[in-house]
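S.K.: Before we start, here is the structure in question, set down as structure tokens.
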Amino acid sequence: MDIIMPQLGETVTEGVVTKWYKKVGDTVKADETLFDVETDKVSTEIPSPVAGVVAEIVVAEGVTAKVGVRLAVIRESGVAKTAAPAATPVKQAVAASPAASTATTPSRTNTGSQRVNAADRLSPVVRRLVAEHSLNPADIAGTGRDGRITREDVTGFIAQRSTAIPAATAPRPVPAPAVPGQTVAFTAVRKRVAENMAKSWSVSPHVLQVVEADFSRVDLARKAHGAEWKRREGFALTYLPFIVRAVSIALGKFPKLNASLQGEGLALHRRINIGIAVDLNFDGLLVPVVKDVPAKSLPQIAKEINDLAQRARAGKLRPDEMTEGTYTITNNGAFGTVITAPIINQPQVAILSADGIRKKAVVIEGEDGDSIAIRPVGVLAQSFDHRALDGSYSAAFLAEVKNVIETRDWAQALSA
């Protein structure tokens, strides 16, 4: 069976093979890690799709290969035959990530001088993370093959170090120290974000529309179920899953927003797959996708969003979890933003920013006249591509999102 370079994101066209875990003649189990790939969006371990024997390795470590290129061949057999000679590795025609290691790996250990030796063999993504956070690799316990320090080890070390600070005084996560007068080089992820944002801004005539929504019914559901939810699930019940559910309902009624530009037309998607922009510690974004949202309950949506976000930051997303998005939501509300004008995630035609939800005095209309009440009000800001639709269509969609948020029985939805 041919092993090919996977598609690790909708806009990714190539990747660097940073590590082979098997050599020609080795047996491999199905779902056992076969090699590591680093792209400008993500670094991830790729499992073998079948059990068998590695018959050929075509692309060597440190070499950049296009998506779909054959990387290796696995002979689907439980018995290892005489190993075929290794094919001549593809010569590196594109600059690979720095510091690809070829040193012999020591026996797995987490202590003493052997850990220091493991620190000498860092993958490019791990080396970059260590440098960005000013870490000493010798302090990090490696859990990878033969004691190798993985990306998850580094992010876990960073998280553990930050949780040692009392919650009341803990600062927000920061990227590598920024010293005035220095030039901070872009990481691969930041470069790709910059390229995509510039491209989107240049090709799509962006229009911003904003509505305010009363989140009183959402708050009632969160207050009624939030404590039990956190005890049971281990994470807080935020506003985001409610917004995702409301958006999915509205997209079903306004399909031109659940679409992509295709030539001189608009491709309306059958599925509603909502991408959630996830911040990578202030140094780039990934957009994992919650697929087929209308088919999932509110609790399922909440758990999937949390799971995707956690694994995005830990570098554990599967390739297919960042593809097939049809609409995107970016959530800046945790930072108390008022209005954000987001940039469209191409080739989609719209993106929604969920900004801060805060208590406001609002006018309540009633049969006996108007009154003033304090309500939790949130801003929903949508950027849309004016080539695909007009303001009235976008405004009607936002009105429907607002209506769903304000009138739905969210407590009942949480019990589903």
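Any read-out appearing in this document is the output of simple, stated calculations on the displayed coordinates, not a laboratory observation. The shown structure was predicted, so the numbers you read here are calculated from the model rather than taken from an experiment. Virtual Cβ from ideal backbone geometry, glycine too; neighbours counted across all protein chains shown.
S.K.: Which peptide among 45-57, 257-269 comes first, and what is the full order, when sorted by highest mean count of other Cβ atoms within 10 Å?
M.R.: Values: 45-57: 18.8, 257-269: 15.3.
Put in order of decreasing packing, that is 45-57, 257-269.
S.K.: Per residue Cα convex hull volume for region 190-414, in cubic angstrom? Before the final figure, lay out the partial values.
M.R.: Details: hull volume 30.1 nm³, N = 225.
With only Cα atoms used, region 190-414 gives 134 Å³ per residue.
S.K.: Each label point is 7 Å from the Cα along the Cα-to-Cβ direction; what then is the distance between the points at GLU32 and THR337, in nm?
M.R.: A separation of 4.6 nm, rounded to one decimal place.
S.K.: A follow-up question, please. What is the Cα coordinate range of region 220-304 on the first, second and third principal axes, sorted by size from largest, in whole angstrom?
M.R.: 51, 34, 17
S.K.: Hey, another quick one. In what sequence do TRP20, TRP201 fall when counting other Cβ within 10 Å, fewest first?
M.R.: Working: TRP20 18, TRP201 12.
Ranking TRP20, TRP201 by Cβ neighbours within 10 Å, fewest first, gives TRP201, TRP20.
S.K.: With respect to the cross-link table entries LYS253/LYS291; LYS191/LYS316; LYS19/LYS316; LYS223/LYS253; LYS29/LYS316; LYS256/LYS402, which display a Cα-Cα separation exceeding 23 Å?
M.R.: Numbers: LYS253/LYS291 18 Å; LYS191/LYS316 21 Å; LYS19/LYS316 16 Å; LYS223/LYS253 30 Å; LYS29/LYS316 20 Å; LYS256/LYS402 18 Å.
Listed pairs above 23 Å: LYS223/LYS253.
S.K.: Place the peptides 359-367, 332-340 in order of packing, highest mean first, counting for every residue the other Cβ atoms within 10 Å and averaging per peptide. Mind showing how you got there, number by number?
M.R.: Details: 359-367: 9.3, 332-340: 15.4.
Ranked from most to least packed, the peptides come out as 332-340, 359-367.
S.K.: Here's another thing I want to ask about it. What order, most packed first, do the peptides 223-231, 304-312, 387-395, 285-293 have when packing is the mean number of other Cβ atoms within 10 Å of each residue?
M.R.: Working: 223-231: 13.2, 304-312: 18.8, 387-395: 15.0, 285-293: 21.3.
Packing proxy ranking, top to bottom: 285-293, 304-312, 387-395, 223-231.
S.K.: Please list 3J(HN,Hα) in residue order for region 404-409, calculated via the Karplus relation 6.51 cos²θ - 1.76 cosθ + 1.60 where θ = phi - 60°; whole Hz, with x for glycine and proline.
M.R.: 5, 4, 7, 10, 6, 7
S.K.: If we count other beta carbons within 10 Å of each Cβ, what is the order of PHE235, PHE157, fewest first?
M.R.: Details: PHE235 15, PHE157 19.
Fewest-to-most ranking of PHE235, PHE157: PHE235, PHE157.
S.K.: With 10 angstrom as the radius, rank VAL154, VAL210, VAL189 by how many other C-beta atoms surround their C-beta, starting from the fewest.
M.R.: Working: VAL154 25, VAL210 16, VAL189 20.
Arranged by neighbour count, lowest to highest, VAL154, VAL210, VAL189 become VAL210, VAL189, VAL154.
S.K.: For region 336-416, calculate the relative contact order in percent as a whole number, restricting contacts to Cα pairs under 8 Å that are 6 or more residues apart. Could the numbers behind the result be given before it?
M.R.: Working: 96 pairs, mean separation 22.2, N = 81.
Once divided by the residue count of region 336-416, the mean separation gives 27 percent.
S.K.: Another question, if that's okay. What is the extension gain from ARG318 to GLN412, computed as 0.36 nm multiplied by their sequence separation minus the C-alpha to C-alpha distance, in nm to one decimal? Walk me through the numbers on the way to the answer.
M.R.: Numbers: separation 94, 0.36 × 94 = 33.84 nm, distance 3.25 nm.
In short, 30.6 nm is gained.
S.K.: So if I average 1/r over every pair of distinct C-alpha atoms in region 2-75 and take the inverse, what Kirkwood radius in Å does that give? Present the calculation step by step, with values, prior to reporting the outcome.
M.R.: On the way: mean 1/r = 0.0826 Å⁻¹.
Its Kirkwood hydrodynamic radius stands at 12.1 Å.
S.K.: What relative contact order, as a whole-number percentage, does region 190-414 give when Cα pairs under 8 Å and 6 or more residues apart are counted?
M.R.: 32
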